[in-house]
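Since the structure comes first, as structure tokens, the remarks are kept for the end.
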Amino acid sequence: MVSSQTRTPAAEKAPQWQPILDSITDKRRAMKPQADKFDGAIRAALLNLQSALALPGSVEPASIDDVCDPLTGLPDTYVEYMNHRRNYGYWNNAAVWTLSKTQSADLHNNSFAATASVCIALVLSDPEKPYINVHVYPSMRLSTANRPRLDEIIARETGLPVQKCTLGDGCV
């Protein structure tokens, strides 16, 4: 049986999808001046956190230009965007710095790499009221008891409130 409906080729859907991608790209470019203001403070907060808790790793990205790279994190398709719109909405309104450490392991002769990180997201959905969210993957030696200490270090360095501090999977 042949369907009476015909599929629209992906190329024909591009004009409908392109304005959404352009909007995300423009938003990330507009965030850069705000991120510039906080780059030094957030890097200092991560380095102080690393020192205070004796955490391994290095601060990434190395350049402020990469923090707000307008092409990073764009969804590949409209379906992907619609399926994960909440996450794309969040991450594309945030400039992100991480303290991360990748460690290789051999579990029963199957090599794999595990990455532990602390991610500081400068959330700029309202540029007049920026705030910080911290995401810790998986726990990176950061116990629940250390959350207030983390909040204090970041708030002191940036002058911004820490709205969320998530442990484990880092879900927002």
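The values are calculated or read from the model by the stated rules, or taken from the named source; none is laboratory data. Everything quoted here is computed from the prediction, not taken from an experiment. Every residue, glycine among them, receives a Cβ derived from its backbone with ideal geometry; neighbour counts consider all protein chains shown.
Restricted to segment 52-90, and to residues that are loosely packed, with under 14 Cβ neighbours inside 10 Å and under 16 Å from VAL136 (Cα atoms), which residue is nearest to the chain's Cα centre (by Cα)? It comes out as SER58.
I need a count of the residues in segment 13-47 that are closer than 16 Å to VAL123 by Cα and of a type in the set (Phe, Trp, Tyr). Result for segment 13-47: 1. Put simply, of VAL118, VAL96 the only residue that is in a strand (DSSP E or B), within 24 Å of VAL162 (Cα to Cα) and either at pLDDT 90 or above or of a type in the set (Lys, Arg) (or both) is VAL96. Only one entry in LEU71, LEU49 is modelled with pLDDT under 90, under 23 Å from LEU160 (Cα atoms) and in contact with a helix residue (DSSP H, G or I) (Cβ under 8 Å, 6 or more places away or on another chain), namely LEU49.
Among the residues of segment 133-144, is there at least one that is assigned to a helix (DSSP H, G or I) and modelled with pLDDT under 70? The answer is yes, given that some residue of segment 133-144 is assigned to a helix (DSSP H, G or I) and modelled with pLDDT under 70. Flag set for ASN87, criterion: in a helix (DSSP H, G or I) and under 15 Å from ALA121 (Cβ atoms).
Number of residues in segment 49-70 that are in a loop (DSSP other than H, G, I, E, B) and hydrophobic (A, V, I, L, M, F, W, C): the value is 4.
Filtering segment 161-172 to residues that are modelled with pLDDT of 85 or more and either outside any loop (DSSP other than H, G, I, E, B) or buried (at least 18 other Cβ atoms within 10 Å of the Cβ) (or both) leaves VAL162, GLN163.
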